[in-house]
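Chemist: Below you will find the structure I want to go over with you.
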Amino acid sequence: MSDNNSKSMGDLFPDLGPEAPVISGVAHDRSEALATVRGVPNEPGMAAKVFTELAAAGVNVDMIVQAGASVGTAEISFTVPESTVKEVENVLIDKHDELGYKSFDVNRSVGKVAVVGVGMKTHSGLAAKFFTALSDKGINVLMISTSEIRIAALVPLDQLDDAVRALHTAYGLDADQVEAVVYGGTGR
């Protein structure tokens, strides 16, 4: 009995056949917003407080990045559906004293582009191809999220269409399918 690492995609997913494409599509979402909370006390439980308050307000958070900003503080950035920006702002303003952050801002001029495929975990070089394709078109990546079946990047909204086209070209996909797969505001 061989382990899964030695099996081909055709073995693991017989319905796909041995030559199934690793990347099956490019998805994009232009209804994202990026919130950044700056100067958050860098101590256990602060991220939990931020996201608990947002959850209580019914805000669906997708991508999250936390980075140390300076000694004792952190910066937390996260994406939300653009339709919930007012709720995010209200939570952050109402809970300012409890959360103890210095400032926050919200950028509505962002979009998410992603490549999706079942074989990503077993194929090397897919992330390199993804980011090279964007870099070659001068597209700035603001945030990155990955899973076993997806690589996603947050990019400036005015570069989203170029990013979608660049990834279609890089992975040899049919660009006519661009509008077919859009995960608007679902966080996926």
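The values are calculated or read from the model by the stated rules, or taken from the named source; none is laboratory data. Everything numeric in this text was worked out from a predicted model, so none of it was measured. Cβ atoms come from the backbone with ideal geometry, glycine included; neighbour counts cover every protein chain shown. The area values use the complete protein model at the heavy-atom level, side chains included, leaving out ligands, DNA and RNA. Shrake-Rupley method; radii C 1.70, N 1.55, O 1.52, S 1.80 Å.
Chemist: Would you list, by chain and number, the lysines whose Cα falls below 26 Å from the Cα of LYS95, excluding same-chain residues fewer than 8 positions away?
Modeler: Straight-distance partners of LYS95: LYS49, LYS86.
Chemist: Suppose every Lys and Arg Cβ carries +1 and every Asp and Glu Cβ carries -1, with no other charges. What dipole size does the range 31-105 come out with about its Cα centre, to the nearest 20 debye?
Modeler: Numbers: 5 positive and 12 negative charges, 35 e Å.
About 160 debye.
Chemist: Now a separate question. What distance in nm separates the simple spin-label points at ASP136 and GLN66, each placed 7 Å from Cα in the Cβ direction?
Modeler: Rounded to a tenth, the inter-label distance reads 3.8 nm.
Chemist: Of the heavy-atom accessible surface of the range 31-105 (probe 1.4 angstrom), what whole percent is carbon and sulfur?
Modeler: Details: 1900 of 3640 Å².
Of all accessible area on the range 31-105, carbon and sulfur atoms account for 52 percent.
Chemist: Where a Cα-Cα gap under 28 Å defines reach, which lysines qualify for LYS121, not counting those fewer than 8 residues away within the same chain?
Modeler: Cα-Cα hits under 28 Å: LYS7, LYS112, LYS129, LYS137.
Chemist: Could you give the accessible area per residue of the range 31-105, probe 1.4 Å, as a whole number in Å²? Let's see the in-between values first.
Modeler: Working: 3640 Å² over 75 residues.
Accessible area per residue, the range 31-105: 48 Å².
Chemist: Hey, another quick one. Take the Cα pairs of the range 31-105, get the Kirkwood Rh, then feed it into Stokes-Einstein at 25 °C and 0.890 mPa s and tell me D in µm²/s. Working shown, then result.
Modeler: Working: Rh = 12.2 Å.
Result for D is 202 µm²/s.
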